[in-house]
Amino acid sequence: DFGHSSELAFVVEPSDDIAVQEQPLILYCQVEGIQPITITWRKNGVMIVDSENAFMLANGSLYVSRFQRVREDGSSDEGEYDCMAQNHYGLVVSRKAKIQAATMSDFHIHPQNAVVEEGGVARFQCQIHGLPEPVILWHKNSMPVNTDNERYTLLPKGVLQITGLRAEDSGIFHCVATNIANVKFSREARLTVSGSHSTVYKDPMILVGPENLTLTVHQTAVLECIATGNPRPIVSWSRLDGRPIGVEGIQVLGTGNLMISDLTVQHSGIYVCAANKPGTRVRRTAQGSLVVQAPAEFVQHPQSISRPVGTTAIFTCVAQGEPPPQITWLRNGQILETSDHIKLKNNNSTLSIYGINQTDEAIYQCLAENSAGSTQASARLTVLWADGLPSPPQAVRAETVSATTIQVSWEKPLQNTKEIIGYVLHIRKAADPVEMEYQEAVSKSTFQQLVTDLEPSTSYSFYIKAYTSRGASKASEVTVVSTLGEVPAMPSLSIKVINSTAVQATWEPSIKLGQHEGFKLFYRKVHLAQYTGPVLLASNVTAYNITHLDASVVYEVKLLAYNQHGDGDSTVRFVSLRETVERTVLNPPCDCMKDKQNNKTSTTGIIIGIHIGVTCIIFCILFLMFGYRGRLLMCKNVQEQLSTPQIPRSQRSAAGLVLNGAARRDRDDRDLNGKQLDMNELERLFPASPSQEQQDKGMTSAHSPPATHDDTQISTLPLDEFSIIEEQPDPLPKPPRGGSPPA
């Protein structure tokens, strides 16, 4: 078996065909796969039984001895045929082959007589329908038209064009249509060429423009465009969307007909024929659409797979075509019906089978079909099953605990329990598809599981599988149970005082409230036990005014949401109207006429007040300026007294000045860099005469380094209250090792 392809598949499938009346017809079908293989045929979905007229050959092909479009009993051999092949693993169905009888109708357009002046353009047309498409040839005076003549153009749809007419082109024309069904002749038409070539100017004119065409890829399209005018117009082609037409497979027939060979989907579009007068912008246009269809073909085929019992199998089938093909799935030759564990997604491109079991083992086919053709591909699903796996868990029960919690319990399987390594609980909302299922793993010694974070008032389905290292057991029985209903949550509540006898309770709608039918509002005086209410409000109401209140007491307002499961927790707020009453007393309503009269007096008072304030500020500034000048003169005298004594250099570090009889702090004497009175700072604050400034500056630089500021305050007391006191110096501290001696 493994020497050949193990997959059941078609090597040759039947194809569309046109049969000739009373002639034999053979439809081919060849299959490969593991034997034995049985082949049968269907027509229009009905099984074909062997008879004298139609029977199956040894190679699996179907032979029709005498094809008839209509039989005596009214039946017909026309229709859609397919062959089916079946072996031990499943069944596959071939693509549908459309069989039609060869026919030919009568001509429905015949050539017409024409009289055209010399140098002009003549056009004859005949049309006839038939299967297959008839081939149309033209005869002139009972002889085939000479196609080597460049002035004669034969188009596939039965059109004959003659340009640059001459006298010898006059004659009798007719067309001959031929296919496998018949040969037919059209009526005759006479062409008369009159006069000589005219030199009168004529605007460009399109006699016949392109028709709308619908063709299939790889066919040939001919877009006709014939124009007249004097001088003879130039015919050009373009696409309405502005895209280039290209050059590959493009050919111009005659004087302006466009032929596109080996059509592709990209050739679809609207084509514009333009007749231009030479050397000018004078032009006439005509347009026609070209639709190119492509039969369905697979971009991705489904692949055969093997999966253990209880897992998920996914087949993917992607097809393309123009128009886009429709995808249908078959299971062993029958149309696949979806269910809870069989789902189709992505426009039927993806087939998912959840929780597979042995009954799902089959051959699955993907059929892609559009108006241009159909195709099929198949794949096999093999379900793996190991002997000795546990039987399904027993006695699965689910009990509701709360609005969001359910407890599931079960008993161990009856058979093959030694190799169990754990259990898996499968959870799903009963209304959800199977792919929304999720699982929770449980140890082998646990026989109950608390499932939390569920939704209130919702039905859930549960089943259990036992797992071993070699695979899973079959699923247990499914149990369905609903969670309890949940009362709404607390609403948010705020109170706004409207006046001395009314308040407004407002709240916001929120998803957090959950499902609720409405609100209940209560209120009371805080010293009373009895509430007023409930006031029932709809679920869309968000405010309520409470009126006729007593302004002298405090009120309690309570709001709660309710539903069919009961009342939710309430939100309580307290409110007092006393402050509103007091504000009303303290701020009585204004007398607008009286205020208007008082406004004039108030304005005059404001102006007088501003003048008084400005005057006070001016006097204050003058007082400060004169006071500052007197202080400056006094401080200069103090500075002269302080600079008079000449203390030796050796004693400066041991003696100091004490102002107002106050001694320096002890830390100033022990500090080698102790702070001294900064003369430079005094000079900056109280500048002296230039000569005095230079003298003081020289003394400072010559006798001592700059010192930092102290918090010494300069007083303006009389000079006789100052005294110079010489303090006994403390022993100088030793200089640091390796350091310089103190200054």
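The values are calculated or read from the model by the stated rules, or taken from the named source; none is laboratory data. Note that the coordinates shown come from a computational prediction; the quantities given were computed from them, not determined experimentally. Heads up, the Cβs are rebuilt from the backbone with ideal geometry, glycines too, and the neighbour counts pull from every protein chain shown. To get the accessible areas, we keep the full protein, side chains included, count just its heavy atoms, and leave off ligands, DNA and RNA. Shrake-Rupley method; radii C 1.70, N 1.55, O 1.52, S 1.80 Å.
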Would you confirm whether or not segment 550-559 contains a residue that is among the small types (Gly, Ala, Ser) and within 13 Å of Thr506 (Cα to Cα)? no
Sort out which residues of segment 550-572 are in contact with a strand residue (DSSP E or B) (Cβ under 6 Å, 6 or more places away or on another chain) and under 22 Å from Ile498 (Cβ atoms), and write them in order of number. Val553, Val554, Tyr555, Glu556, Val557, Lys558, Leu559, Thr571, Val572
Within segment 253-265, the count of residues that are without any contact (Cβ under 8 Å) to a residue 60 or more places away in the chain and either buried (at least 18 other Cβ atoms within 10 Å of the Cβ) or on the phi > 0 side of the Ramachandran plot (or both) comes to 5
Does segment 464-481 contain at least one residue that is of a type in the set (D, E, K, R) and open to solvent by less than 40 Å² (accessible area, probe 1.4 Å)? yes
Determine whether segment 25-41 contains at least one residue that is within 24 Å of Ser75 (Cα to Cα) and of a type in the set (D, E, K, R). no
Answer yes if at least one residue in segment 136-146 is part of a loop (DSSP other than H, G, I, E, B), under 60 Å from the mean Cα position of the chain (by Cα), at pLDDT below 95 and not assigned by the TED database to the domain that holds Met259, and no otherwise. no
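So that you can scan it fast, the table gives a plain yes or no per residue for (1) among the small types (Gly, Ala, Ser); (2) in contact with a strand residue (DSSP E or B) (Cβ under 7 Å, 6 or more places away or on another chain); (3) closer than 14 Å to Phe173 by Cα:
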position	(1), (2), (3)
Pro111	no, yes, yes
Glu117	no, yes, no
Val121	no, yes, no
Gly130	yes, yes, no
Glu133	no, no, no
Ile136	no, yes, yes
Lys140	no, yes, yes
Met143	no, no, yes
Glu150	no, no, no
Hey, any hits in segment 13-20 for a residue that's under 46 Å from the mean Cα position of the chain (by Cα) and either buried (at least 20 other Cβ atoms within 10 Å of the Cβ) or closer than 30 Å to Thr359 by Cα (or both)? yes
Strands (runs of 3 or more DSSP E) completely within segment 54-129 that count 2 or more residues being touching a residue at least 40 places away in the same chain (Cβ under 8 Å): 62-64, 79-87, 90-93, 97-101, 114-117, 122-125
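Which of the strands (runs of 3 or more DSSP E) found entirely inside segment 203-268 contain at least 1 residues meeting this: more than 23 Å from Gln161 (Cβ to Cβ)?
Details: elements: 213-216, 221-223, 226-230, 234-239, 250-253, 257-260.
Hits in segment 203-268: 213-216, 234-239.
Hey, could you check segment 177-186 for residues that are under 10 Å from Phe107 (Cα atoms) and in contact (Cβ under 8 Å) with a residue 12 or more places away in the chain and say which is nearest to the chain's Cα centre (by Cα)?
Looking at residues that are under 10 Å from Phe107 (Cα atoms) and in contact (Cβ under 8 Å) with a residue 12 or more places away in the chain, I get Ala177.
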Considering (1) in the same structural domain as Gln251 (by the TED database); (2) free of Cβ contacts under 8 Å to residues at least 24 places away in the same chain, say which one Gly209 fails and leave the rest. (2)
Run down Phe574, Phe522 and say which single residue is of a type in the set (A, V, I, L, M, F, W, C), within 18 Å of Met490 (Cβ to Cβ) and either in a helix (DSSP H, G or I) or open to solvent by 70 Å² or more (accessible area, probe 1.4 Å) (or both). Phe574
Would you mind finding the one in Ile250, Ile245, Ile234 that is open to solvent by 30 Å² or more (accessible area, probe 1.4 Å), among the aliphatic types (A, V, I, L, M) and within 23 Å of Pro323 (Cα to Cα)? Ile245
Out of the residues in segment 307-344 that are in contact (Cβ under 8 Å) with a residue 24 or more places away in the chain and β-branched (Val, Ile, Thr), which is most open to solvent (accessible area, probe 1.4 Å)? Ile314
Please determine whether any residue of segment 288-299 is aliphatic (A, V, I, L, M) and more than 30 Å from Leu367 (Cβ to Cβ). no
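Can you name the residue in segment 174-204 that is farther than 30 Å from Ile234 by Cα and not aliphatic (A, V, I, L, M) and is also surrounded by the most Cβ atoms within 10 Å (Cβ to Cβ) among such residues? Break it down stepwise before answering.
Looking only at segment 174-204, we keep the residues that are farther than 30 Å from Ile234 by Cα, and these are 176-188.
Then keep just the ones that are not aliphatic (A, V, I, L, M); that gives 178-179, 182, 184-188.
Working: Thr178: 14, Asn179: 19, Asn182: 15, Lys184: 19, Phe185: 12, Ser186: 24, Arg187: 11, Glu188: 16.
By that ranking, first place goes to Ser186.
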Identify, by number, the condition in (1) in contact with a Pro (Cβ under 9 Å, 6 or more places away or on another chain); (2) over 30 Å from Ser236 (Cα atoms) that Gln287 doesn't meet. (2)
Any residue that is under 23 Å from Leu336 (Cα atoms) and charged (D, E, K, R) - is there at least one of those in segment 68-90? yes
Hey, which of the strands (runs of 3 or more DSSP E) in segment 424-468, taking only ones fully inside, have at least 1 residues that are closer than 23 Å to Pro488 by Cα and of a type in the set (Phe, Trp, Tyr)? 459-468
Tell me, which residue of segment 266-285 that is open to solvent by 50 Å² or more (accessible area, probe 1.4 Å) and closer than 15 Å to Leu213 by Cα is modelled with the lowest pLDDT? Gln266
If the requirement is being open to solvent by 50 Å² or more (accessible area, probe 1.4 Å), among the acidic types (Asp, Glu) and out of contact with any Ser or Thr (no Cβ under 8 Å at 6 or more places or on another chain), which of these qualifies: Asp360, Asp387? Asp387
Scan (1) modelled with pLDDT of 90 or more; (2) within 25 Å of Leu367 (Cβ to Cβ) for the single condition Ser5 breaks and write down its number. (1)
Does Ala472 count as over 36 Å from the mean Cα position of the chain (by Cα) and small (Gly, Ala, Ser)? yes
